[in-house]
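Chemist: Dropping a structure here in structure tokens format, bear with me for questions.
The values are calculated or read from the model by the stated rules, or taken from the named source; none is laboratory data. Not measured: the values here are computed from a predicted model. Virtual Cβ from ideal backbone geometry, glycine too; neighbours counted across all protein chains shown.
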Amino acid sequence: MKIDFDKYRALQYCENGNCKYYNQIGIGNICILSRKNNQVYCNGCKKRWVLTKGTFFYDLRHDISLIISVLKDLSEGKGQRAIQRTHGVSLITQREWVVKVAEHVTLISDYLEQNMHLERVQIDEFCGAARAVIYFKKKSNLPCKKSRKHRLI
């Protein structure tokens, strides 16, 4: 799977509770083990992992851009057979991706609900506000300001 290696690497942190660099981002302890296999390691404790661990893309064999394109087409109502013809992704693989993304979204929603004490309506509003900010930021290429239309609480 092809990913933006340096972008993902910059967001990594060591999850080993016994490591002196535990849970610290951007301090230079994450080293490259294999660009080809998207693997990194912590130079403090030598623990290694794949960059996509803990994400929806973990253990998938296709390019992220293809996966996103297929899921976007499915969400817009394009038929699975049409996607199979245009992207070359089998019906079974498409279904597996949909199930996996649904499980991942459920985990995130459950986390927000339990640990941040948000209600489902607040989570929906949060997601809508985040989408709006991202959309307008891409459109204008300006730094984001608070939107008056979307209130989080």
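Chemist: Against the conditions (1) closer than 29 Å to Ser65 by Cβ; (2) surrounded by 12 or more Cβ atoms within 10 Å (Cβ to Cβ), where does Cys45 fall short? Just the number, please.
Modeler: The failed condition is (1).
Chemist: Within the range 75-94, count every residue that is at pLDDT 90 or above and under 30 Å from Phe126 (Cβ atoms).
Modeler: Step one: of the range 75-94, the residues at pLDDT 90 or above are 78-94.
Narrowing the set further to residues that are under 30 Å from Phe126 (Cβ atoms) leaves 78, 83, 94.
Final tally of qualifying residues: 3.
Chemist: Follow-up question, since we're still on this one. Which ones in the range 72-103 are under 25 Å from Lys36 (Cα atoms), within 14 Å of the chain's Cα centre (by Cα) and among the hydrophobic types (A, V, I, L, M, F, W, C)?
Modeler: Of everything in the range 72-103, those that are under 25 Å from Lys36 (Cα atoms), within 14 Å of the chain's Cα centre (by Cα) and among the hydrophobic types (A, V, I, L, M, F, W, C) turn out to be Trp97, Val101.
Residue-wise test of (1) among the hydrophobic types (A, V, I, L, M, F, W, C); (2) modelled with pLDDT of 65 or more.
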{"residue": "Glu96", "(1), (2)": "no, yes"}
{"residue": "Val99", "(1), (2)": "yes, yes"}
{"residue": "Thr106", "(1), (2)": "no, yes"}
{"residue": "Glu119", "(1), (2)": "no, yes"}
{"residue": "Asn141", "(1), (2)": "no, no"}
{"residue": "Arg151", "(1), (2)": "no, no"}
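Chemist: Could you grab me the full set of residues in the range 78-95 that are in a helix (DSSP H, G or I) and either surrounded by 13 or more Cβ atoms within 10 Å (Cβ to Cβ) or touching an Asp or Glu at 6+ places or on another chain (Cβ under 6 Å) (or both)? Break it down into steps so the answer makes sense when it comes.
Modeler: First, the residues of the range 78-95 that are in a helix (DSSP H, G or I): 80-87, 91-95.
Selection gives Gln80, Ile83, Gln84, His87, Thr93, Gln94.
Chemist: Looking at (1) surrounded by 11 or more Cβ atoms within 10 Å (Cβ to Cβ); (2) assigned to a helix (DSSP H, G or I), which is the one condition that is false for Gln12?
Modeler: Checking Gln12 against (1) surrounded by 11 or more Cβ atoms within 10 Å (Cβ to Cβ); (2) assigned to a helix (DSSP H, G or I), the one that fails is (2).
Chemist: Let me ask something else. Based on what the data block shows, is Lys36 surrounded by fewer than 15 Cβ atoms within 10 Å (Cβ to Cβ) and either in contact with a Lys or Arg (Cβ under 7 Å, 6 or more places away or on another chain) or part of a loop (DSSP other than H, G, I, E, B) (or both)? Even if it seems obvious, please write down each step before you answer.
Modeler: On the way: surrounded by fewer than 15 Cβ atoms within 10 Å (Cβ to Cβ): yes; either in contact with a Lys or Arg (Cβ under 7 Å, 6 or more places away or on another chain) or part of a loop (DSSP other than H, G, I, E, B) (or both): yes.
So Lys36 fits the description; yes.
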